[in-house]
Structure formats: C-alpha cells, structure tokens
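Visitor: Below are the structure tokens for one structure; questions will follow.
The values are calculated or read from the model by the stated rules, or taken from the named source; none is laboratory data. Keep in mind that what you see is a predicted model, and the values were worked out from it rather than measured. We place every Cβ from the backbone using ideal geometry, glycine too, and count neighbours over all the protein chains shown. For the accessible areas, the whole protein counts, side chains as well, though only heavy atoms, and no ligand, DNA or RNA atoms are used. Shrake-Rupley method; radii C 1.70, N 1.55, O 1.52, S 1.80 Å.
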Amino acid sequence: MSEASSSAGNGSQNGPENGSGNGLSYADAGVDIDAGNALVTRIKPFVKATARPGADSEIGGFGGLFDLKAAGFSDPVLVAANDGVGTKLKIAIDSGAHATVGIDLVAMCVNDLVVQGAEPLFFLDYYACGALDIDVAADVVKGIAEGCRISGCALIGGETAEMPGMYRAGDYDLAGFAVGAAERGSLLPRGDAKPGDVLLALASSGVHSNGFSLVRKIVEHAGLDWNADAPFAPGTTLGAALMTPTRIYVKPLLAALKAGAGIKALAHITGGGLPENLPRVLPDTLAARIDLSVIAVPPVFGWLAKTGGVAQSEMLRTFNCGVGMVVAVEADEADAVVAALAAEGETVARIGRLEERAAGTGAVIFDGALAL
C-alpha cells in the first residue's frame, strides 16, 4: 500500500522564511508524514496475510504487481469493479466501531466481480481523512484485509490521503477497487436464460451497505443512539447490529460454478434492491416473477419498515430485504445448485422463476408480501 498523500512532498524541510525567521513544515499544515509511515508499518502483517498465488502482497512500492500466469489462468478476461461503503461510514464514525467497514468495502466490490463469473484476484483501497488517526485507520485496513482473505484476493496496494480542511475531525471516507479474471467463454450471464428457469435467493446478513441514509433517518426519528439496545436484536447495541458486515458470496459461488452447476446468471442485490438489480442480468424478453412470501426477512427490516412507516415498495427498492444474491438456474439442475451452495454454508431459498415478459409489464413481478 503506497501512502503517497501522507508521505508526498518535502514536508521535513523548512518553507519560506516568515516574519519571525521560522519556516513552516508540512506538519504545520496538518499533514503528519510520520503517522503515515507508522500506519504502513502497522498494517503490513494484515496485508501479508492476504497473499495468494500471483501476488506476494508486499507493500510500500509505487504500484502493486499481479502475475496472472502464476494464478493459473491461460486465456483470461479481466473484470474490474469499484465501490464504497456509503453513509454506513457515519455509523462507524459516530459509534466508534471501525473494525468491519473494511469487510463491507471489499464485499461491495468482489460480489460485483463474482456475479460475472470472475474470481477476485487483487484489491486496492483509498482511505481519506482530515487528520490521520493511526488506530482508526489500522482497524479499517485490518477489516479490508479480512474481507480480502474471505474472498481469496490479495490486498496489493492502496492510498492514505490526509487532507486537512476537506474533512471534519474524526471523519474519513473509503473507496475500493477490485480486479478479477475469468477464462474466456465462461463469463456470466451465459445468455441462455429462458422461461421456466428457477430463481434462488442467497440470504443476506442484514442491511449490508445500502440504504443507510434512510436507516440513519429512521434511527433519528426513533430518538435512539447507537449505544441503545437494538429493538430487533436484544442484547446487542443498535450500532453493532447495524454494522453487521456485508456477506461475501465469492467462494461458495465459485465452488458451485467450478463444480459444473447449471448457473446461468447471478445478480448482486445492492442499491435499488430486487426491482433494479435483477433486470441487469435478464434479456429484454424475460421477466422475473418473485414470491415475496417465501423470503426470510431479517428482523431489522421489519423494524425499519414499522418505525419509519416505510411502504413495502420503498423497502424493496432501497434494501435487499434479506436477499443478498439471486441465482438463475436451469429448472432440472436447481436441486443440485441448492445442494452445492448449502454445502458451502449458504442459506438458499427458491423465490421464483423466469417467464416471458408480456407487453407493458416490468422486468420484475412480485407476488405475495414480505414478512415485515
């Protein structure tokens, strides 16, 4: 991980002479080069733990290297994705719980890679703040490294930008960049989806990393603080419950794909929910018919809907509502896919099927109601 903004420039030298005869330094401007260097030293063990074939995960240079041949690819197509954590970061900052937002950051990127049939290879992060707090930044990067470990990709670089005047005290922002690869001809969606194909849902771990501006508004409306007991998770603080990290589906899905399971398409259910994300992997001639009544909705969504008076339609287009990933499969191979994913620890439910899209209808049709 290069720390260019924390270590750039000649801050250790004196600036122009001022009226008193004393020169200014970079530290006088609010940038602590020594803190940036200390952070690099602190995070090296976390980064090293993400090493994988193709990357040794050494940091400190001007760029990260990855060897596709050493990773076992013969004719790869590269797939790239980038994302952030959104205003979930405000809960981390306000509650002081920084340990898992790095997992969220990685999850939002690598889940977008695997839906295209790609294996995540390496990850880079961008951490920006007004004044570098080494303990906070180290917690965040430790979480990023854990997300990389879970998804099997290497953390090969990044940037820590200390920018006084751009951020309020204690605030920081995150962005992540992931690159994966798939052998040519194996990308998803396959292009052979047809009426009768079965739609499977992989359970989410909670709100994941979307819709938190509405979450925070509802919490404010309820008059709760982050240390209050979570109404939907007794014995857990509200902040901790809402900070449950985004589930990473990479290894179970790759295992199912490599086993030859009949997976035709995958949809990562992020911002926009089922109505916006499913159509992204369907041809214009098909519609997804979803039975909402079979979705196991985590209690957090029922609390959000009730406390905020949020309509079902708004819940569906804002949150995942319990479905983190949708898998489209050949009907006669659905049982095998369910078994393969369940064997990898996923909770799988049959939530619908594909059908011909009638003129004037949408790409996603809902039957029944969510158990909110």
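Visitor: So which residues in region 23-59 are in a loop (DSSP other than H, G, I, E, B), farther than 22 Å from Q116 by Cβ and under 26 Å from the mean Cα position of the chain (by Cα), if there are any at all?
Guide: A49, A51, D56, S57, E58, I59
Visitor: Another question about this same structure. Out of all the residues in region 184-193, which are closer than 20 Å to V337 by Cβ, in contact with a strand residue (DSSP E or B) (Cβ under 7 Å, 6 or more places away or on another chain) and open to solvent by 60 Å² or more (accessible area, probe 1.4 Å)?
Guide: Scanning region 184-193 gives L187, P189, R190, D192.
Visitor: Additional query: Is one or more of the residues making up region 127-148 more than 22 Å from R42 (Cα to Cα), at pLDDT 95 or above, open to solvent by 10 Å² or more (accessible area, probe 1.4 Å) and under 15 Å from the mean Cα position of the chain (by Cα)?
Guide: Scanning region 127-148 turns up no residue that is more than 22 Å from R42 (Cα to Cα), at pLDDT 95 or above, open to solvent by 10 Å² or more (accessible area, probe 1.4 Å) and under 15 Å from the mean Cα position of the chain (by Cα).
Visitor: Kindly list, by first and then second residue, each pair from a residue in region 328-349 that is farther than 22 Å from P279 by Cα to a residue that is open to solvent by 60 Å² or more (accessible area, probe 1.4 Å) and of a type outside the set (K, R), limited to pairs with Cβ atoms under 9 Å and residues at least 6 apart or on different chains.
Guide: A336/A259; A340/A259; L341/T347; T347/A296
Visitor: With the requirement that a residue be under 25 Å from the mean Cα position of the chain (by Cα) and over 28 Å from G239 (Cβ atoms), what does region 300-340 give you?
Guide: Passing the criteria: S313, V326, V327, A328, V329, V337, V338, A340.
Visitor: Taking region 227-249 only, how many residues are open to solvent by 40 Å² or more (accessible area, probe 1.4 Å) and over 26 Å from G345 (Cβ atoms)?
Guide: Residues that pass the stated criteria total 4.
Visitor: Within region 42-62, is there a residue that is open to solvent by 50 Å² or more (accessible area, probe 1.4 Å), of a type in the set (K, R), farther than 28 Å from S213 by Cα and in contact (Cβ under 8 Å) with a residue 60 or more places away in the chain?
Guide: There is at least one residue in region 42-62 that is open to solvent by 50 Å² or more (accessible area, probe 1.4 Å), of a type in the set (K, R), farther than 28 Å from S213 by Cα and in contact (Cβ under 8 Å) with a residue 60 or more places away in the chain.
Visitor: Among the helices (runs of 4 or more DSSP H) confined wholly to region 253-372, which include 3 or more residues that are modelled with pLDDT of 95 or more and within 22 Å of N210 (Cα to Cα)?
Guide: 273-277, 299-308, 312-318
Visitor: Could you grab me the full set of residues in region 232-276 that are closer than 26 Å to C153 by Cα and free of Cβ contacts under 8 Å to residues at least 12 places away in the same chain?
Guide: Result: K258, G260.
Visitor: Which residues, taken from region 22-40, are modelled with pLDDT under 85 and open to solvent by 80 Å² or more (accessible area, probe 1.4 Å)?
Guide: N22, D28
Visitor: Turning to a different aspect of this structure: On the given criteria, is E355 open to solvent by less than 40 Å² (accessible area, probe 1.4 Å) and not aliphatic (A, V, I, L, M)?
Guide: yes
Visitor: What number goes with the only condition from (1) open to solvent by less than 30 Å² (accessible area, probe 1.4 Å); (2) under 23 Å from Y167 (Cα atoms); (3) in contact with a strand residue (DSSP E or B) (Cβ under 9 Å, 6 or more places away or on another chain) that L124 does not pass?
Guide: Going through the list (1) open to solvent by less than 30 Å² (accessible area, probe 1.4 Å); (2) under 23 Å from Y167 (Cα atoms); (3) in contact with a strand residue (DSSP E or B) (Cβ under 9 Å, 6 or more places away or on another chain), L124 breaks only (1).
Visitor: Looking only at region 167-183, filter to residues that are open to solvent by 60 Å² or more (accessible area, probe 1.4 Å) and at pLDDT 95 or above; which one of those is nearest to G260 (Cα to Cα)?
Guide: Applying the filter and picking the extreme gives F177.
Visitor: Then there's this: Evaluate the following for F62: is it part of a loop (DSSP other than H, G, I, E, B), more than 18 Å from Y172 (Cα to Cα) and modelled with pLDDT under 95?
Guide: yes
Visitor: Is there a residue in region 212-223 that is over 22 Å from the mean Cα position of the chain (by Cα), open to solvent by 30 Å² or more (accessible area, probe 1.4 Å) and free of Cβ contacts under 8 Å to residues at least 60 places away in the same chain?
Guide: yes
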